Amino acid sequence: MSKPEDAPEAFQTAWNAHDMAAFGAMFHEDAAFVNRFGHYVRGVDEIVALHRPIHETIYRDSTLDNELIEVIAIADGAAILHFWSRLSTGPAHPAGPHQVDTLIQAVITRRNGTWRIQALENVTLTNPRTGEAVLRR
């Protein structure tokens, strides 16, 4: 990534290719990741280990469609990003094809001239009264 706003597309591209090497390369070695179920892991190896099994099974035919909301520069070489992410699952998912919308917040930092994700949290959009997943418009 040559600039912070490249992150949503890089994330989408790696996910849609189910390329765990490219996925891991987006993160600093000591990055933290919280998935949409609240599972926290730290370190790029753990981030890849969290995602590899689902990309080999239930998400092997899934795709993401990401849309940047904003980039907030917080210091030279550091920014916070917010972006929408729509997961479309395929027949490999036990619930069959469906869509889930999430809001992603990421802290992107530059080290040695390279931008990578330092921390990322993914939150599923839900109806607060029922807990049911909702799609944004």
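Residue count for the range 17-65 satisfying the condition of being of a type in the set (A, V, I, L, M), assigned to a strand (DSSP E or B) and more than 21 Å from His98 (Cα to Cα): 4. Of all the listed residues (Ala21, Ala32, Ala73), the sole one being closer than 13 Å to Leu120 by Cβ and modelled with pLDDT of 95 or more is Ala32. Within the range 36-66, the set of residues being within 25 Å of Pro91 (Cβ to Cβ), modelled with pLDDT of 95 or more and touching a strand residue (DSSP E or B) at 6+ places or on another chain (Cβ under 7 Å) comprises Leu50, Ser62, Thr63, Leu64, Asp65, Asn66. With respect to (1) touching a Ser or Thr at 6+ places or on another chain (Cβ under 8 Å); (2) open to solvent by 40 Å² or more (accessible area, probe 1.4 Å); (3) not in a loop (DSSP other than H, G, I, E, B), the lone exception for Arg110 is condition (1). Within the range 1-54, restricting attention to residues that are among the hydroxyl-bearing types (Ser, Thr, Tyr) and without any contact (Cβ under 8 Å) to a residue 60 or more places away in the chain, the residue that is surrounded by the fewest Cβ atoms within 10 Å (Cβ to Cβ) is Tyr40. In this structure, is Pro91 more than 17 Å from Ala14 (Cβ to Cβ) and open to solvent by 60 Å² or more (accessible area, probe 1.4 Å)? The answer is yes for Pro91. Can Thr63 be described as at negative phi, open to solvent by 30 Å² or more (accessible area, probe 1.4 Å) and touching a Ser or Thr at 6+ places or on another chain (Cβ under 6 Å)? Considered against the rule, which asks whether it is at negative phi, open to solvent by 30 Å² or more (accessible area, probe 1.4 Å) and touching a Ser or Thr at 6+ places or on another chain (Cβ under 6 Å), Thr63 comes out as yes.
The values are calculated or read from the model by the stated rules, or taken from the named source; none is laboratory data. Since the structure is predicted, the reported quantities are computational estimates derived from the model, not experimental observations. Cβ sites come from the backbone with ideal geometry, for glycine too, and all protein chains shown count toward neighbours. Ligands, DNA and RNA are excluded from the accessible area calculation, which covers all protein heavy atoms including side chains. Shrake-Rupley method; radii C 1.70, N 1.55, O 1.52, S 1.80 Å.
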